[in-house]
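Everything below concerns the one structure shown next.
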Amino acid sequence: RAVDTVGELVAAEGLDCDYIRPGFLRMATTPAYERRIRREIELAHSLGIEGIEWLDRDAARARVGSDRYRGAWWEPRTALVNPLKLVREMKRVVVGLGATVHERSPVRSIARPGPFLLGTAGGSVAAERIVLATNAYSHLLPPLRRKQVPAWTYVIATEPLSGEQLAPIGWEGREGVEDARNLIHYYRRTPDDRLLMGGGPVGLGFGRGMDRDSGPAAWAHLEAHVRDLFPSLAGARVTHRWGGPFSVTTDLTPAIGYLGDPRAVYSVGCIGHGVSMTHLNGQTIRDLVLERDTELTRHWLVNRRVLPWPPEPVRLGVSAAIRAYLGLEDRIHERPAPG
Ligand SMILES: Cc1cc2nc3c(=O)[nH]c(=O)nc-3n(C[C@H](O)[C@H](O)[C@H](O)COP(=O)(O)OP(=O)(O)OC[C@H]3O[C@@H](n4cnc5c(N)ncnc54)[C@H](O)[C@@H]3O)c2cc1C
């Protein structure tokens, strides 16, 4: 539904954000991942979720050619966008509707003497109602300190690839691709024919620190993974490397709700799926701000109890233990078969 919401917005507002709906492949790269994906497809079907099917080895490789692929979860309904273009287009739309957007003016303090008083470096703003849609930065705001923590994901993009480099890969459908790891790799062929790949090792922060956008080890891991999957890209130059924080709740599930009273709404915890989810969450937040009782505000994600993260240094210990466990399980799933 969140994916549909973005598609509807793009069509209704004419958003220029390279939106395409090519479908999604979760590639099985080892026998253990193949078993995991097949089990998950069976589970989805048993729950009545339609529109997902197993592609065998040849069908998966016919879409994206890699000797590593043993089959795939295929889900035609998913979409891809350029998220930077999307957010700029959304700004254009809301400004056109009369909103004022203040960038580079972080709120440093929130007081509630009557109306809210939001303090910034350049002055303060009074507001009857506020929405804290601060995602991975939310722990910096005292009322949200324990609801989520940031973790960092890293991305690389190659130079535009030549026809010769792409020939063994195919990928004419430009599907979005992931694998079945816990610490997933996610990748796509961009409109200008770069390979963009993110994921693998995840970065963790300590306390209020937010300076983890650089991830040399993760970038090196991704470059090696590109070469392993697609030998024809061994010589492709990586021209862009970046990283950023995503928001993690203790149960890895989003949380939206009122903060104390209905005049303050928060939204955290989309993990790595927020590009579509935040658009649907925006509609939920709208209904909460307007104090409407709707199907969206009755959703179980809304006003649920979120198990709080512990304070530091336990928080870092817990996050590091979770990350280590997820990585260990990935290594077990990637062990070569005996003999
Ligand atoms: C490298 C990377 C790759 C990703 N890949 C994907 C993907 O493939 N698919 C997907 O669905 N999701 C992906 N995500 C996650 C996705 O980007 C997020 O889930 C989504 O952007 C969340 O949207 P948001 O509006 O909640 O938060 P954000 O987009 O993080 O926006 C939060 C905003 O709050 C502002 N802010 C924070 N503190 C304050 C303050 N005190 N005062 C004022 N403003 C403040 C920030 O400046 C920021 O603009 C990725 C994230 C990263 C970092």
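Here are the numbers for this structure:
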read-out: Segment 65-134 pair-distance distribution - Cα-Cα, 10 Å bins, rounded %; value: 14, 28, 24, 13, 12, 7, 0
read-out: Length added when fully stretched, Arg237-His273, from 0.36 nm per residue minus Cα-Cα; value: 10.2 nm
read-out: Gaussian network model of the chain, Cα within-10 Å springs - most flexible of Leu307, Leu144, Leu183; value: Leu307
read-out: The chain: angle of helix 314-333 to the longest principal axis, Cα-based, in degrees nearest 10; value: 20
read-out: Mean separation of Cα contacts under 8 Å, 6 or more apart, over the residue count of segment 190-294: relative contact order %; value: 17
read-out: Portion, in percent, of the accessible area of segment 82-188 that falls on carbon or sulfur, probe 1.4 Å; value: 56
read-out: Taking the chain and dividing mean pair separation by its residue count, relative contact order in percent (alpha carbons under 8 Å, at least six apart); value: 19
read-out: Accessible surface of segment 220-300 [probe 1.4 Å, protein heavy atoms]: carbon and sulfur percent; value: 56
read-out: FRET efficiency, 1/(1 + (r/R0)^6) with R0 56 Å, evaluated for Arg35 and Ser162 via beta carbons; value: 0.95
read-out: Charge dipole of the chain about the Cα centre (unit charges at C-beta), most positive-ward option of Gly14, Ser214, Tyr33; value: Ser214
read-out: Expected 222 nm ellipticity per residue - DSSP helices of 4 or more, -39500 (n - 2.57), all of the chain, to 500; value: -9500 deg cm²/dmol
read-out: Under 13 Å, Cβ to Cβ, from Ala11 - net charge with Lys/Arg +1 and Asp/Glu -1; value: -4
read-out: Percent of beta bridges antiparallel (DSSP, the chain, rounded to nearest 5); value: 85
read-out: Total charge dipole magnitude, the chain, about the Cα centre, Cβ charges on Lys, Arg, Asp, Glu only, Debye to nearest 20; value: 980
read-out: Accessible surface, the chain, averaged per residue in Å² (probe 1.4 Å); value: 53
read-out: Options Asn82, Leu132, Val64, ranked by Cα towards positive dipole end of segment 55-160, top entry (Cβ charges); value: Leu132
read-out: Span from the segment 75-101 Cα centroid across to the segment 238-311 one, whole angstrom; value: 18
read-out: For segment 180-219, size of Cβ-based charge dipole, Lys and Arg +1, Asp and Glu -1, in debye; value: 140
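The values are calculated or read from the model by the stated rules, or taken from the named source; none is laboratory data. Note that the structure is a prediction, hence the values are computed from the model and not measured. When we count neighbours, we look across all protein chains shown, and the Cβ atoms used for this are built from the backbone with ideal geometry, even at glycine. Side chains included, ligands, DNA and RNA excluded: accessible areas come from the protein's heavy atoms. Shrake-Rupley method; radii C 1.70, N 1.55, O 1.52, S 1.80 Å.
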